[in-house]
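Q: Here it is: the structure, laid out below.
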Amino acid sequence: MMGFQVVVLWSDVLIWLLVAAGVGVGVLISKNPPLLVAWRRVGANRVGMASATVLLAFILIGLLDSLHYRVQLESKPGQKAAYAIEVLSVLDALAAPLRSRNEKTYSAPFATRLYAKETMDVPGKGTVRDYPRLKHGGKHLGEREDEVAEDAAMTAFKAGVLAFIGWLSVFGAVAAVNRKKSPNLKLREAAFAWDAVLLTLLLILVFAVPLFWLSGYYHVFGTDKVGQDVLYQILKSVRTGLIIGLVTTLVMLPMAVLLGIVAGYFRGWVDDVIQYIYTVLNSIPGVLLIAAAVLMMQVVIDTNPQWFSTAAERADLRLLALCFILGITSWTGLCRLLRGETLKLRELEYIQAAQAFGVSSWRIIVRHILPNLMHIVIIALVMDFSGLVLAEAVLSYVGIGVDPTMTSFGTMINNARMELGREPVVWWSLAAAFSAMFILVLAANLFADAVRDAFDPRAVA
């Protein structure tokens, strides 16, 4: 009998459906020569492939955090199995030391003592004011607290060597496969930017492996007000950022594409109605519109607690509701852009020729208009992802973002604003959240640039 109960959240279903959809799109692309050529240009772009490697690392963390379960509680023989209220994920299990090894309050990165002095009873010295020793951070050093730098450097070096050995095995496998296909072709000369991917993978491994090895002995990014490891919070924030970016983009995309193309192609009163709708939406401050929708949604959730058996389900519904609200309020920019491009496309000779031959309007839209707009759609898809990750951070900062029980970059930044007023300043929570979000958004933007260059029909091959 399993010692856990599988928990399926709606966001888990969506994120795995997106993975399946991505695999399906990949299969379709492999059977479509024009799309295959465009994506091969993406694959040949070194900056694009390096950023894609970083994005895949974030996606892997998000997927591990999207497999949820509840631990079975101890029960007497013959009793019905009972399960804990707390919903955990596979990532929580892998990062169990980070999740469970909490301190009393703030501690700096690689510290062995708390960040603030406390009154303590010391044998032989009576009552003194000093920095208490941490329960977990640097515990293995014992009385050798002054050897933190040497110990951390040696541990990081050993982990880095193992990471490099692992990377060499991957490098050897990739080189062997390419040598089998083209015996005289070097990796840097291959059609796919393997050299950029492998170099980025090396940097990730050399950074990540020592980081997680050290996290078993120290709080490498420090702890927050309640003593929780900041590195653990960063890992948990990745899934929230991915769901906000991906699900919101997919909510917004169909509406923007449909209304933008319809307005530009049919013109007349259809164009007037659609322009009126997005002009009205744009005239309302976005934060106010989102805040009003979020507050109404929060009232519905608070008045119906019977809908949720766990706090995780409640937080998950609020997250998806936020994605939906952001989606229906952020489609106007792409819609206006696609409308303008459609107005230009419908005047081209081959479009007018199709109209003269009696081809239906919807067939023209599907066969001619939409394919010539796909480069804009794909760029918007990737660019909006990064923008929405930042939007969640802003909304959570002002208190109208994700549920307070759910960790995100926005909630970390919101919690850190009070820490900046302390003396001495608690800087590491904000720095860690900003750095992780910066890397994620930068990788998405660089990948978007590579996709734009490959799919823009006006670009020089």
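Q: Kindly indicate the residue of the stretch 408-461 that is buried (at least 22 other Cβ atoms within 10 Å of the Cβ) and assigned to a loop (DSSP other than H, G, I, E, B) and also farthest from the chain's Cα centre (by Cα) among those meeting that condition.
A: It comes out as V426.
Q: Looking at G48, G62, G26, G78 in this structure, which one is out of contact with any Asp or Glu (no Cβ under 8 Å at 6 or more places or on another chain) and at pLDDT 85 or above? Step through it out loud before you land on a result.
A: Numbers: G48 fails: out of contact with any Asp or Glu (no Cβ under 8 Å at 6 or more places or on another chain); G26 fails: at pLDDT 85 or above; G78 fails: at pLDDT 85 or above.
Exactly one residue qualifies, and that residue is G62.
Q: Please go through the stretch 249-273 and pick out each residue that is β-branched (V, I, T) and either modelled with pLDDT under 85 or in a loop (DSSP other than H, G, I, E, B) (or both).
A: Correct list: T249, V251.
Q: Please go through the stretch 20-40 and pick out each residue that is assigned to a helix (DSSP H, G or I) and more than 25 Å from L63 (Cα to Cα).
A: P33, P34, L35, L36, V37, A38, R40
Q: Picking from S360, S408, S386, S396, which residue would you name as being hydroxyl-bearing (S, T, Y) and touching an Asp or Glu at 6+ places or on another chain (Cβ under 8 Å)?
A: S408
Residue-by-condition table, conditions (1) part of a loop (DSSP other than H, G, I, E, B); (2) in contact with an Asp or Glu (Cβ under 7 Å, 6 or more places away or on another chain):
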residue	(1), (2)
A93	no, no
R99	no, yes
N102	yes, no
F110	yes, no
T119	no, no
V128	no, no
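Okay, residues lined up against (1) of a type in the set (F, W, Y); (2) touching a helix residue (DSSP H, G or I) at 6+ places or on another chain (Cβ under 8 Å); (3) under 22 Å from L18 (Cα atoms):
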{"residue": "G387", "(1), (2), (3)": "no, no, yes"}
{"residue": "L390", "(1), (2), (3)": "no, yes, yes"}
{"residue": "M406", "(1), (2), (3)": "no, yes, yes"}
{"residue": "I413", "(1), (2), (3)": "no, yes, no"}
{"residue": "M418", "(1), (2), (3)": "no, no, no"}
{"residue": "P424", "(1), (2), (3)": "no, no, no"}
{"residue": "A436", "(1), (2), (3)": "no, yes, no"}
{"residue": "V441", "(1), (2), (3)": "no, yes, yes"}
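Per-residue answers, yes or no, for (1) more than 20 Å from the chain's Cα centre (by Cα); (2) under 30 Å from G138 (Cβ atoms):
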residue	(1), (2)
V7	yes, no
L18	no, no
L28	yes, no
V42	yes, no
R46	yes, no
L56	no, no
G62	no, no
Y106	yes, yes
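Q: Every residue in the stretch 79-112 that is farther than 21 Å from V238 by Cα and surrounded by fewer than 18 Cβ atoms within 10 Å (Cβ to Cβ), please. Spell out how you get there, then give the answer.
A: Step one: list which residues in the stretch 79-112 are farther than 21 Å from V238 by Cα, which gives 79-85, 103-108, 110-112.
If the condition is that a residue be farther than 21 Å from V238 by Cα and surrounded by fewer than 18 Cβ atoms within 10 Å (Cβ to Cβ), then Q79, K80, A81, A82, Y83, A84, I85, K104, T105 are the ones that fit.
Q: Can you tell me which residues in the stretch 178-194 are in a helix (DSSP H, G or I), at pLDDT 75 or above and surrounded by fewer than 17 Cβ atoms within 10 Å (Cβ to Cβ)?
A: R179, K180
Q: Of (1) surrounded by 14 or more Cβ atoms within 10 Å (Cβ to Cβ); (2) outside any helix (DSSP H, G or I); (3) within 23 Å of the chain's Cα centre (by Cα); (4) free of Cβ contacts under 8 Å to residues at least 24 places away in the same chain, G399 satisfies all except one. Which?
A: (1)
Q: Criterion first (farther than 30 Å from L88 by Cα, of a type in the set (S, T, N, Q) and under 20 Å from the mean Cα position of the chain (by Cα)) does S360 satisfy it?
A: Taking the combined requirement at face value, the residue does not satisfy it.
Q: Here's a follow-up. Please go through the stretch 37-78 and pick out each residue that is of a type in the set (S, T, Y) and surrounded by 15 or more Cβ atoms within 10 Å (Cβ to Cβ). I'd like the intermediate steps shown before the answer.
A: To start, the set of residues in the stretch 37-78 that are of a type in the set (S, T, Y) comprises 51, 53, 66, 69, 75.
If the condition is that a residue be of a type in the set (S, T, Y) and surrounded by 15 or more Cβ atoms within 10 Å (Cβ to Cβ), then S51, T53, S66, Y69 are the ones that fit.
Q: Could you check, for the stretch 23-33, whether at least one of its residues is free of Cβ contacts under 8 Å to residues at least 60 places away in the same chain, of a type in the set (S, T, N, Q) and more than 30 Å from V87 (Cβ to Cβ)?
A: Yes, the stretch 23-33 contains a residue that is free of Cβ contacts under 8 Å to residues at least 60 places away in the same chain, of a type in the set (S, T, N, Q) and more than 30 Å from V87 (Cβ to Cβ).
The values are calculated or read from the model by the stated rules, or taken from the named source; none is laboratory data. Keep in mind it's a predicted model, so treat the numbers as computed, not measured. Virtual Cβ from ideal backbone geometry, glycine too; neighbours counted across all protein chains shown.
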